[in-house]
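Down below is the structure, laid out as structure tokens.
The values are calculated or read from the model by the stated rules, or taken from the named source; none is laboratory data. For clarity, every value in this text was computed on a predicted model and none was experimentally measured. All Cβ positions, glycine included, derive from the backbone under ideal geometry; neighbour counts span all protein chains shown. Heavy atoms of the whole protein, side chains included, go into the accessibility calculation; ligands, DNA and RNA do not. Shrake-Rupley method; radii C 1.70, N 1.55, O 1.52, S 1.80 Å.
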Amino acid sequence: MNKEQRLKKRHNAEKRFRFYGLASILLAIFFVFFLLNAIFSKGSGAFLKTTIDVEVNFNVETLELSEKPTTEDLKNADYYDLAIDSILNVINVSGLDEEKSLINLFSPDYEYEIRRFLINNPNVLKQTVVLKLTSSDDFDQLHKGNYPRDLPEDRRRIDNFQLNIYDTLVEEDKVDKIFNSYLFTKGDSRNPELAGIGGALVGSFFTIVITLLLSFPIAIAASIYLEEFAPKNKITDFIEININNLAAVPSIVFGLLGLGILLGTFHLPRSTPLVAGITLALMTLPRIIIPCRASLKAVPPSIREGALAIGASKVQSVMHHVVPLAIPGTLSGTIIGLAQALGETAPLILIGMVAFVVDIPSIPTDPSASLPVQVYLWSEQAERGFVEKTSATIMVLLSFLITLNFIAVYLRQKFERKW
């Protein structure tokens, strides 16, 4: 083989390598878009809910109220009869079975929706108002086109009579889709149309705040000591090796640690953001220490020497000159570590955050769920509405993770200095 043939062969090999690299990138982008499309196509509908227009006559006699009731009277009034009468007037039905079929097209929250509306708008008392009451999950999925209505009646959860009611309500323009505020303001529920991620959002917020408050100062102090003050001997070498090993330990091991020590030994409240935050702080510590030490190492020695040359002490040169210059890399590493902690599920399952929690937590010691655990819980449910809510929760979680990573990149680019 002559020189020209060898040169041509090398050029062809280089072209193939570039092609393989470009093909790999395009294939990765294709799978990412495929995944996002699958999630968004299934979850986008959860941000809307189907409602049915119902005329409600806020009659004082029906509610057994005085002519000028107080707010406390409105809260304590019985709205059941008013709600049932209003629903049965939506369409003409006869017989107990038909009335029950009509009522089942509404969510179990209809009575409380009417109650909340009157409490917030007491001026509508003695008036007739059209309210948009939340429909049941089956009705909601039917209206969104996710429910196969052409199946035989014995294989459908909505019978033919209810289908006729749906068609009549659509013709009369009494069915609508509005923004689903329940998704962000309610906790978990057995009914998909009432389930929300409000409790999981607050629980994740408390968890991340506790993780940050515990891991960040400890990790910064440990990094500064190990990099700037600790003597180089076998003990510090052993500590560094263990820090690097802990960064690669599976997260479920930290869940076992939290289960055995925090719950088993210290008897902290189970299924709370407090325990979750402490557990994730232990997991996040090495993931912050490593980038913080790398940022401290990247500061030129001349900065330290210059500070010492003008009379600064060792502590002053480190805290006043070295640490501020290492903050950008430290912050980006911290944010990425918190983003990883936000998406963890295994350690939270082990410390009991898989409990069915309806109420939204008000303090870190209240029982709670988190976004990834909520995805895990809803993914096991059979109802189509929970499939929709699962994808929507993944969308919210991905938006938080992407935002945190963008913040990390922005901070590094804005404050990073090059020498």
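Against the definition (exposed (fewer than 15 other Cβ atoms within 10 Å of the Cβ), among the aliphatic types (A, V, I, L, M) and under 30 Å from L285 (Cα atoms)), how does I178 come out, yes or no? The answer is no for I178.
Considering segment 85-96 alone, what residues qualify as being open to solvent by 70 Å² or more (accessible area, probe 1.4 Å) and more than 19 Å from D176 (Cα to Cα)?
Applying the first criterion (open to solvent by 70 Å² or more (accessible area, probe 1.4 Å)) to segment 85-96 yields 85, 89, 92, 94, 96.
Hits for segment 85-96 are D85, N92, S94, L96.
Yes or no: segment 393-409 includes at least one residue that is within 19 Å of S41 (Cβ to Cβ), touching a Lys or Arg at 6+ places or on another chain (Cβ under 6 Å) and open to solvent by less than 70 Å² (accessible area, probe 1.4 Å). Looking through segment 393-409, none of the residues is within 19 Å of S41 (Cβ to Cβ), touching a Lys or Arg at 6+ places or on another chain (Cβ under 6 Å) and open to solvent by less than 70 Å² (accessible area, probe 1.4 Å).
Residues to consider are K174, K232; find the one that is modelled with pLDDT under 90 and either basic (K, R) or within 30 Å of A276 (Cα to Cα) (or both).
After applying the criteria, what remains is K232.
You will find that of A281, A369, the residue that is among the hydrophobic types (A, V, I, L, M, F, W, C), touching a residue at least 60 places away in the same chain (Cβ under 8 Å), open to solvent by less than 40 Å² (accessible area, probe 1.4 Å) and in a loop (DSSP other than H, G, I, E, B) is A369 and no other.
Just to check your reading of the model, which residue among N191, N242, N146, N164 is surrounded by fewer than 21 Cβ atoms within 10 Å (Cβ to Cβ), out of contact with any Asp or Glu (no Cβ under 9 Å at 6 or more places or on another chain), within 30 Å of M353 (Cβ to Cβ) and of a type outside the set (G, A, S)? First the steps, then the outcome.
Values: N191 fails: out of contact with any Asp or Glu (no Cβ under 9 Å at 6 or more places or on another chain); N146 fails: out of contact with any Asp or Glu (no Cβ under 9 Å at 6 or more places or on another chain); N164 fails: within 30 Å of M353 (Cβ to Cβ).
Being surrounded by fewer than 21 Cβ atoms within 10 Å (Cβ to Cβ), out of contact with any Asp or Glu (no Cβ under 9 Å at 6 or more places or on another chain), within 30 Å of M353 (Cβ to Cβ) and of a type outside the set (G, A, S) holds for just one of N191, N242, N146, N164, which is N242.
Among the residues of segment 68-84 satisfying the criterion of being under 21 Å from N104 (Cβ atoms) and of a type in the set (S, T, Y), which is surrounded by the fewest Cβ atoms within 10 Å (Cβ to Cβ)? Step by step, filter segment 68-84, then rank; the result is Y80. Taken together, P328, P364 contain a single residue that is in a helix (DSSP H, G or I) and not β-branched (V, I, T), which is P328.
Count of segment 194-220 residues, restricted to those that are open to solvent by 60 Å² or more (accessible area, probe 1.4 Å) and of a type outside the set (F, W, Y), is 5. Of the residues making up segment 101-118, those that are under 14 Å from N59 (Cα atoms) and among the aliphatic types (A, V, I, L, M) number 2. When we screen I351, I327 for residues that are at pLDDT below 90, open to solvent by less than 70 Å² (accessible area, probe 1.4 Å) and out of contact with any Ser or Thr (no Cβ under 7 Å at 6 or more places or on another chain), the only hit is I327. Only one of the numbered conditions (1) in a helix (DSSP H, G or I); (2) open to solvent by 10 Å² or more (accessible area, probe 1.4 Å) is violated by L169, and that is (2). The set of residues in segment 255-278 that are closer than 14 Å to L338 by Cα and either open to solvent by 30 Å² or more (accessible area, probe 1.4 Å) or of a type in the set (K, R) (or both) contains only I278.
Among the criteria (1) at pLDDT below 90; (2) aliphatic (A, V, I, L, M); (3) surrounded by 12 or more Cβ atoms within 10 Å (Cβ to Cβ), the one L151 does not fulfil is (3). In segment 123-137, the residues that are of a type in the set (D, E) reach residues that are at pLDDT 90 or above and assigned to a loop (DSSP other than H, G, I, E, B) with C-beta atoms within less than 9 angstrom, at least six apart or across chains, in these pairs: D137/S107; D137/N191; D137/P192; D137/E193; D137/L194.
Would you please name the residue that is least open to solvent (accessible area, probe 1.4 Å), looking only at residues in segment 40-67 that are in contact (Cβ under 8 Å) with a residue 40 or more places away in the chain and either in contact with a Pro (Cβ under 6 Å, 6 or more places away or on another chain) or in a loop (DSSP other than H, G, I, E, B) (or both)? The extreme case among them is F58.
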